[in-house]
Structures are given as structure tokens and as C-alpha cells.
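The values are calculated or read from the model by the stated rules, or taken from the named source; none is laboratory data. What you see is a predicted model; the values in this text were computed from it and never measured. Counting neighbours? That spans all protein chains shown, and the Cβs are built from the backbone with ideal geometry, glycine included.
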Amino acid sequence: MTAHPTNNNDQPQRDDSAAVQPLVEKMERQQALLQSLLGQIDILISAADEHELLDVVCTQLLASGLFVGAWLGQVASPKANEFTVITAGSNGRAILDVLTQEQASVLSDFLARAQFKDQALVEESDLTALTEPWRPFAPNNAHLSIFFIPIFRNELPWAVLVVVHTHDQPLDRLVSDTLTRLGELIDTALGQLDLRKQLSEEYERTAYLAYHDALTSLANRRFLDEELPKAMARAQRHEQSLAIVMLDIDDFKPINDQYGHAVGDELLVDLANRLSKTLRSSDLAVRQGGDEFILLIEGINSKNELTQGLNRIQTSLDKPYELPEGKTHVRFSMGITVFPEDDVAPDILIRHADAALYASKDQKYKRQLPWQFWHELGSGDANTPVDSFDRIPAYGPEAAALIKKVSAEVRQLTEGFVDRFYRELAAVDRDSGKIISWLSAEEYEHLRSRQTEHLEFLLSADLTEEAHCTKARAVGDIHAFIGVSASSLVRAITVYMHQFDDASLKFQLGRKDFNNLESIITSRLSTELSEELEAEEQISAQFQEGLNAIDALSRTNTSWQNFNEQLLEILCGLPAIKAAWIGAPDDLGQFVVNFEHYGDEIDKVLQAYPDRIELPSVLTQATGSQGSTGLAFRTGQVQRINNFSTSLNAEKWRNVAKHVGIRSSVSVPILDAQRNSIAVLTLYGAYPGMFESPHRASFSHQLGFIVSQTWAQFNQDSDATISIHEINRWREALYGDGLHFVYQPIIDLHTGKLNKVEALARLDLSDGRTIMPGQFIPRLNERQIIYVFRKGLDFSLRQLSAWHESKKMKGIGLSLNLPLEALLNSHCIDWVRDALSRFNVSANHLWLEVLEHSETEDHVHMIAQMQKLNELGVHLAMDDLGSGYSSLIRLNKMPFDTVKIDQALLRSAYDDPPRIIKFISALIRMTQIIDLDVVVEGLEHPDLIETARILGAKFGQGYGIAFPMPPNQLENWLNNQKPNSPISAPTTPMGALATHMSYIENATHKCAPILEGKDPTLCPVHRFIEEHGLIDSKIDHAHRAIHKTSSKDQKLYVKCANKFQALLSPLIIEPASKIDMGKPHANDTHR
């Protein structure tokens, strides 16, 4: 190969700065764009409202300097000829406000096509109607391209992002791809906004319903229980009186019976509205239940003032009400007690007002006023016991005695009650109807049975408040898991009450007992609702705490593996989560489990039936692809199975799911920065529809966002074990003074002389640790990999130049890894030429190693770059020949003059010596035939070195020859290096096997004739047998048999040779590995 001169000091130097500068500026603009968009992610997702979100998008786009216009517009229909501007960056809205009719019409057409056809459009033709308004803001002679990016909201066409791009080169696809990605990001952010709004409204509704009556919107008994003590304290503090008024409609039941519950409910709403308007803002109106209300009237300074207030209430309520038969008047009664005159506990105050109410109702045909004061019933002593007018508590002996009176009727009530209940509930509440529709016949019957049991429990005579609260909490948990909303719960309680009212007509009770029974049921249903709502709040809080823990975990100094293991542990610690796993499809589309967390019960099933459980697939024709996991991977969206018993997508796993108590699942895709699926996280729930409710849907989406963002931070495969914090340390060392190079000798195996050295990168951290290239190189991006290569050129050529000044090292070569990222860069040739020139090193002293597994689709450019390096005089080496990727075609097409045999192949010789040695021998002969030099890597032990020499390899390197070392140590090593003597006979079992196989395989070998009947003691292998004390052993006899057998008897000859190999192979044992700086030499693997 001709060496090219490198000292060009006398030649005119070409100034490439003018050509390079535009490329540098272009890269900087692209980098600015990416940084701008990446910086928006957290802002977009956390934006308070859509206006803030969209303003940020437009502002950031303009700030990147790549665009002169950014705005969002909408059209009302596909054929609309006008549009609405939602938001615009900078002065965009002012520009759009003064468009001509023609310009507005053209814009409307583009907007309609993009918005309703879900088609991103790019207008590059400098169409005047579109570009003219933006031309004054663009540089002179710049091209203008307008992007129309469709924006979807809740999977429906919503708007279009319009971006005006200015450029002087052909349109860069990176810009188009980035804007498309930004559109998807806006879709996601808007969806998160809407979901947060929906959840916020649901939380507010839940909180409201916990303290308010769903029908009338008045406060409920729970609110009263908290507010009454506060009102009493205020009365004492201000030395005023507080009136507690119990109000009840007289003869309300006949109205319900005659006109139905709907009319009765309308009357109650009307009455509640009149109360709200009549009372002062400082007063409180409460619906106790049914047609009973409680009023708190504060700030009373005299009885006359209270009487005036009661008169206002009477006047308002006495006005006629609308009924189907026309307007009618409704009578009502009130019972009143006044604090602190009636100075007792809050619950006793309520009982006193209740007793006064019943006294008033008993006198409704005789009384002059519709109210009765508690203190006027008797002596006025606050300790006077509540007489026969007192209402009995919902729990306890009195309630038990009353319920036992109607036990037969209660049993009849439960018959058919549940079916009627579910029919009416499904009719009035769509969400509840949807949940019921998910159930199989068996599951519905089970639900029906459990609901009947619960009804009997609710009407139990011996029920205690503590037992009821405990059971209601448990029922509330189930309702929360299956997605019953607070609104649905309230509707269910209302339906329950209506059903009870209808059924209770059959009870043979007096008025007082009937009213008391109705009060008991109302009170117990109120307790039921309160406890269930609180259970829902606690379940939602637990899931939110789980998300918070996962988010905190994602920000800690941990590895990807540890993150996933702890992630699944947190998830499986949440209520009713039965199992979770993370997996990704293999090359055949079949999912492989990467991380899993199963309960003991599920583990037993998986171990008992490993072949009967089919993992999902991403292939549409595969039988397992219908599951939520495969679908989530294909679509990149959260997918659910609401019930394994009824869903068609769950048929393959139905029996196993039923066996282990799994009823539903949710699969959350883990997405990369381009929104491509890289894996799927699947959770399994113990209840049907467990992941369908807005709360759990939000949980799933937020979970996917956190895990995807965490993966993006690691930016490596699922086998990653290095924390982000650690990688940041490596990056600091890389750009600080931590990067240096050590040098490993490559010697002539036959003479032992130093031929060249290979420069190998090391990364020194501030804490004294050294990171090997096999660890940090795979975690570098393209720019950083090129940085390492260019630093390697500088460091190693500077050192080589210094070595060439010494007599002993003059003329040695240098080998350096050439990553594909650097080779394909258009400046690569200039980098190499410049470095050789600066350090005055001849190109024929430089070998660049191209890794065999560096794949690219641009083979033409790759070969062209290699040809240019070759023309420069640089040697090219194919690295890792034999690792599985190389081919004769590549060796023939690409200008390599050296190949390096993969060190892993050498080490595998201990596993199957005859086969591997034969393969290595064939590789060496093949490369020699096409005039390539061979370097055998990984020569860690004497038997490997001897084998490489016997097989004919010219050069070798490895720990058995020398470790990689700093320059000064290399010089000391060279001073102590002794020349190699010719091999007259093998000294190791592997060398003996290699010698034997060389003679067998190579018929032209000078020693080959002695294998045909000649004296075996003349064979070099006999020398090994003799020196190792194996004379008269089976190995010796097998070796002699080969010499006695004629090669013409091919079958017998091969049999004897194989027997000898089989007997010799067990003697080939791998010695303990040599260690350099605590790391095996495999970590010197480069890209």
C-alpha cells in the first residue's frame, strides 16, 4: 500500500470554514428547536388551562428562531369559508385580523382539510395568498413553508396548529417530524387538561354530595352534625340564641302515592327553594330525609325576632304548589327548641325539636300556629324526658322492637326488591347500567344474592351502628373499585328509598310506628351513603398516594431495573391490584416478561400450568393478540378488559383469570420520545370494570406518563442498571479531564516483536473509579461518540509521534476504534488528515478499526468514506470477525487490509475445542487467501497464544501478552519483552489439539507424511504426550492408531482422529481470567 505524505506545510491550505458554517448553523437551529420542544413537555402537561398551554406552544416556537408565525385556528365544518383564531404568538392575531377575503378563504380551505381529514399539510410553493402576510417578517430571499398540523381533542378533530417556517435550504424533514410530534404532544396535553377538569369536577361533586342532599341541594344531616356545635359556640360567644327547627310536610305520603315519586320530588325541590330564599345567609336549611327538614336560625336576640322569622317561613310555604291536577296548598308542621335556653348536647337538641314537631302534628287540626316549642310541652325543665312524641334512634333496642313487629313484611319486601331496584337504577343512571351490562349471568346472580343479603342486613333488628359503618365501608370499597361514582351512589340510595316507600304500603302499622320505621330506614340509608362516599375518597387517595410514590421514585438515584421492580411492588400494594408485569414483544411479536410481581396464588397457577398460559402477541393474526397488552402496544394507547368473564378480547385467559380471582385488566404503553411503544405495563384487578372510572382512567394515564418519562431519562434498554445520577457523573468526567487512553500491545506472534498498539479509552471519575468503555460508550449519543473518537485521534497520535522519536519504538503503528457515527460524518476524512498532519505521523502508521456490528443502510456512503481513508494511506481493520455479522461479501467490497478475530470466539474454545479450533483455523486461512492480515484478540492464556501461533495467525493481542497500560509502562514492558522462539512441539493440550488438526486438515503440511504409517514418535504431538507423562495412556494409543491407519481408509481414519480429539479435549481447561483494574477485557468493547 502506498503511503501518502502528510506534511503539507508547503501546500496551499483549503479554507473550508465558508462551507462548514451553514451546516453548523443548521445544526444549531435544529438543536434549538429540539431543546425548545423538549423543554415544553413539563409545561404542557402541567398547564392550568388550554389558553396557557397553547400560548406556551406558540411563544416557544417563535422563540426558536426557526419560525415567523405560529397560531391555532378552527373551522366549524369541512366546507366552512371562515375560521376562528384560538391563539396566536407575538403579533399573529393582528396579522390575521387584516387578511383579505381571498387570503382568509384559502386559509379556511387548508384548515378544513387538515382539521377534518386528519392530514398534516405542508405548503412549500410560496403561494402568495398564504405567505404574503408573513413575508415582511422573514429574511430577504428566504423560503417560506407553512405547516398545518391537525390537533385532536378527546379523539375528535378540534383545531389546527399553523406554523410558518423560514429557511434558505431545502425543507428539512427534522422540522416536519418535530412539528408532527408537537401536535401529538398537544393532543395529549389537552386530553390531560380535560381529564383533570373532569376529575376535579367529580371530586367537587363527591365532596358536595357528601355534605348536601342530591335532590334539593340543601345541606344534609352529615353537614348539620358538623355545623350545629359550631353554631352553638357562636351563640354563646355572641350571647345570642339559636333556634333548631324541625319541619315536616303534613300528609306528604298521599301525594307520592297518588302522583308518583317524580311529582313528590318536584314538590320537595320547590319547598327547599322557598326555604333557601326565605332564610338569611347566616341561617342553614338541612334536608333530614324524606319530607323532613331541619333549620338552624342564628343571631336571635328576642322571641319576637324569632316569631317574625317563623312567620316569613310560613308565608312562603303557604303559597300554592303546582300539582298535575292544578295548584294546591300544602300543610306543614314545625317543632322548635332554642339554645342556650335548652342547654343540652347537639343530638339532644335535635331530639327535642323532633318531639316538638310531633306534638305540633298531633294538634294540626286544632292549632292556631303550625309550630310548637319544646319548652312549652311541659315544665320547661331541660331534663324533662322526651315523651311519646320522641322519635326512636335508628339503632338499639327500640329500633329492634319496631323492626321485629314487621319482620314478616320485611321478608316479603326483599322478594323481587333487588330486581326492581336494578331495573330502576339502570333506567335513571347510565353509568350504573353500563356496569351491570358487563356482568355475566353468573356474576349478576351473585350480585343479586349479595344485594339481597345486604338489604336484609340493612333491615336487621339487631344491627348496630358500628357494624353498619364497617359493612358500608366494605360495600363502598367494592363500589369504588367497580367504578360507581358518587352521583350513581346518590341515585341508588334515592331509588332504594323509592322502592322502600312503595313496598312499605303493605306494612300494617300505626302512623307513629310507620313514621319511626321510615325515620330508621332514612337514617340508615344516610349512614350508608356517607360511609360509602368516604370509602370512595379513601380508595382514590390511596391510588393518588401510589402515583406520588412512583413519581418520587422516578426522581431518585436508582437504576432502570430497580425502578421497575419497586414500581411493580408499589402498584401491587394498592387495593385490589392482584398482579402486574412489564413486557415487550420479541422478534416474532410474542411478548416476553421483563419484570413481574404476582401474588402467591397466581404464582402457584403459573408454575402448575406454564404451557397453558399464552402470553399476548402484537401480531394481528396471532391468537393471543386480542388481549389488552398486545392492543396497547400496537395502538400506543391505554387499553382495558372490563370483565374477563364476558369480554371477547379475554377469551384466551378467561379460565385462568377466574381461577386466580382476576376480573379486569388495564395495559399502559410505555412510549419513547417519538410516541412509539417500547413496552407495556399491565395491571390486573380483582373486580370488573376496575380501571374504567374517571379516577382510575386518570391514574392509568398519569402512570403511563411517569414511566415513559422515566424511560426517556434513562434512554437505554430495559437491561439498564446505571442510575441517571451516575451517568451524569460520567458525562461530567467526559467533558472534564476524565477521558484518557491506555495502550495494549499487538505483537508479531512468530517473532514476539511489537507491531502496533491499540488505543483504548478510559474514564476516570473524581472519586477514583475508572469506567471501562464497554460501560460508558453505549450510553453516549452520536455527538459524544464522535467527541471520544476525535479526542482519541489527538491523544494517541500525539503519543505515537513522541514514541517515534525513540529508537526502540520508531515505526510502530497505532490502532484506534472508528465508530460508525464518525465514519459516516462528512468531516471524518478531514479530522483524520488534520490530526496526522498536526502530529507529523505518516498515515501508514494508523489503523482504524470498524466494528463489524456497526450497521447502516447507507452502505454506498460508508464504502465511499472508507475508500477516501484508504486513499489517504490509512489502514482499515474489520473488528470482531466471527461474532456473527460479517460476510465474505463485505470483506470483498470494503477496503479492509486487516481483520481482527473476535475475542469471544477465542474464549469459547474451552467449551467445544475441536469445533471452535477448526472454525478459527478456517477463518485464518480464508483471510490469508484474500491477502488480509489477521490479528487474534483475547489471547488471555498461554494455550490460546500457542494455538493462534500454530494455526498461522500473524498478529495477536490480549491479557496473556500484555494488559492495556499507560505510555510509560508500555516503554518498560517493551524493554523486558523477549523474542518468541519457533514452536517445535506444542506445550499445552489446546496447542497439541491445534497441531493435530492442522496436520489432519492440511494435506500439504511438511509433517503430513508422518501420519501415514511412519514412526509416531517423530510427530510433534508425541513430544507433548511424552513431556506430559501420557506415554501408554489412552491418548497415546489413540495417537499411535492414527499413524498406523492409512488415510485412504477414510472412514477408519476419521474415526481414529475423532477418538484422539475426544480423549484430548477434557485436558483443555480454562484457567482463571486475568483481571485488569477490576474489569474483564471484554469491557474494552468499542463501538
Positions within the stretch 812-822 being small (Gly, Ala, Ser) and under 11 Å from Leu846 (Cα atoms), in sequence order: Gly813, Ser815
I need a count of the residues in the stretch 237-253 that are farther than 10 Å from Glu298 by Cβ, modelled with pLDDT of 90 or more and assigned to a loop (DSSP other than H, G, I, E, B). 1
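Listed here are the residues, each with its yes/no results for (1) farther than 26 Å from Ile520 by Cβ; (2) of a type in the set (S, T, N, Q); (3) at pLDDT 80 or above.
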residue: Tyr422; (1), (2), (3): no, no, no
residue: Ile436; (1), (2), (3): yes, no, no
residue: Arg448; (1), (2), (3): no, no, no
residue: Phe457; (1), (2), (3): no, no, yes
residue: Ser460; (1), (2), (3): no, yes, yes
residue: Glu465; (1), (2), (3): no, no, yes
residue: Asp477; (1), (2), (3): no, no, yes
residue: Ala486; (1), (2), (3): no, no, no
Just to be sure before I move on: is Leu215 in contact with a strand residue (DSSP E or B) (Cβ under 8 Å, 6 or more places away or on another chain) and surrounded by fewer than 20 Cβ atoms within 10 Å (Cβ to Cβ) in the structure I sent? yes
Is it true that Thr620 is surrounded by 15 or more Cβ atoms within 10 Å (Cβ to Cβ) and either modelled with pLDDT under 85 or of a type outside the set (A, V, I, L, M, F, W, C) (or both)? no
Does the stretch 743-789 hold any residues that are at pLDDT below 85, touching a helix residue (DSSP H, G or I) at 6+ places or on another chain (Cβ under 8 Å) and not in a loop (DSSP other than H, G, I, E, B), and which are they? Gly774, Gln775, Phe776, Ile777, Arg779, Glu782, Gln784
For the stretch 508-541, what are the residues that are touching a Leu at 6+ places or on another chain (Cβ under 7 Å) and either at pLDDT below 75 or outside the structural domain of Gln451 (by TED's automatic domain parsing) (or both)? Leu509
Mind telling me which of the residues Ala114, Ala120 ends up being in contact (Cβ under 8 Å) with a residue 40 or more places away in the chain, among the small types (Gly, Ala, Ser), in contact with a helix residue (DSSP H, G or I) (Cβ under 8 Å, 6 or more places away or on another chain) and under 29 Å from Thr188 (Cβ atoms)? Ala120
What tally of residues in the stretch 950-976 results from selecting those that are part of a loop (DSSP other than H, G, I, E, B) and exposed (fewer than 15 other Cβ atoms within 10 Å of the Cβ)? 1
Residue pairs meeting the criteria (Cβ under 9 Å; at least 6 apart or on separate chains; first within 13 Å of Glu849 (Cα to Cα), in the stretch 890-916; second assigned to a loop (DSSP other than H, G, I, E, B) and among the hydrophobic types (A, V, I, L, M, F, W, C)): Phe896/Leu932; Asp897/Met1; Asp897/Leu932; Thr898/Leu932; Val899/Leu932; Ile901/Ala953
For the list (1) under 21 Å from Phe223 (Cα atoms); (2) part of a loop (DSSP other than H, G, I, E, B), I need the number of the one condition that Val330 fails. (1)
Quick check: anything in the stretch 202-211 acidic (Asp, Glu) and either in the same structural domain as Arg696 (by TED's automatic domain parsing) or under 30 Å from Glu528 (Cβ atoms) (or both)? yes
Only one residue in Leu182, Leu174 is part of a helix (DSSP H, G or I) and buried (at least 18 other Cβ atoms within 10 Å of the Cβ), so which one is that? Leu182
Would you call Ser316 in a helix (DSSP H, G or I), among the polar types (S, T, N, Q) and at pLDDT below 90? no
Within the set of pairs 6 or more residues apart or between chains, which connect a residue that is more than 23 Å from Ala1062 (Cα to Cα) inside the stretch 917-930 to a residue that is part of a helix (DSSP H, G or I) with Cβ atoms less than 8 Å apart? Met926/Leu888; Thr927/Leu891; Ile930/Leu891; Ile930/Asn892
Restricting to the stretch 216-236, give me the number of residues that are modelled with pLDDT under 90 and either more than 20 Å from Leu268 (Cα to Cα) or outside the structural domain of Ala272 (by TED's automatic domain parsing) (or both). 2
When the stretch 333-355 is checked residue by residue, the ones that are closer than 20 Å to Asn515 by Cβ, not β-branched (Val, Ile, Thr) and not in a helix (DSSP H, G or I) are Ser333, Met334, Gly335
If Ile1075 satisfies every condition in (1) closer than 29 Å to Pro745 by Cα; (2) modelled with pLDDT of 80 or more; (3) touching a Phe, Trp or Tyr at 6+ places or on another chain (Cβ under 9 Å) but one, which is the exception? (2)
If you take the residues in the stretch 318-353 that are among the hydrophobic types (A, V, I, L, M, F, W, C) and farther than 14 Å from Trp374 by Cα, which one is surrounded by the fewest Cβ atoms within 10 Å (Cβ to Cβ)? Ala345
Is it fair to say Leu1052 is surrounded by fewer than 18 Cβ atoms within 10 Å (Cβ to Cβ), farther than 28 Å from Gly938 by Cβ and modelled with pLDDT of 75 or more? yes
The stretch 48-66 residues that are more than 23 Å from Gln169 (Cβ to Cβ) and free of Cβ contacts under 8 Å to residues at least 40 places away in the same chain, paired with ones that are among the polar types (S, T, N, Q) and part of a helix (DSSP H, G or I) (beta carbon under 7 Å, 6 or more apart): Val56/Gln40
Does at least one position in the stretch 254-264 carry a residue that is in contact with a Gly (Cβ under 8 Å, 6 or more places away or on another chain) and part of a helix (DSSP H, G or I)? yes
Evaluation of Ser984 against (1) touching a strand residue (DSSP E or B) at 6+ places or on another chain (Cβ under 9 Å); (2) part of a loop (DSSP other than H, G, I, E, B) (one fails), failing number: (1)
Restricting the search to the stretch 185-212, which residues are farther than 30 Å from Thr59 by Cα and surrounded by 14 or more Cβ atoms within 10 Å (Cβ to Cβ)? Glu202, Tyr203, Arg205, Thr206, Leu209, Ala210, Tyr211, His212
For the stretch 583-591, check the following and say yes or no: at least one residue is modelled with pLDDT of 65 or more, in the same structural domain as Asn649 (by TED's automatic domain parsing) and within 30 Å of Glu537 (Cβ to Cβ). no
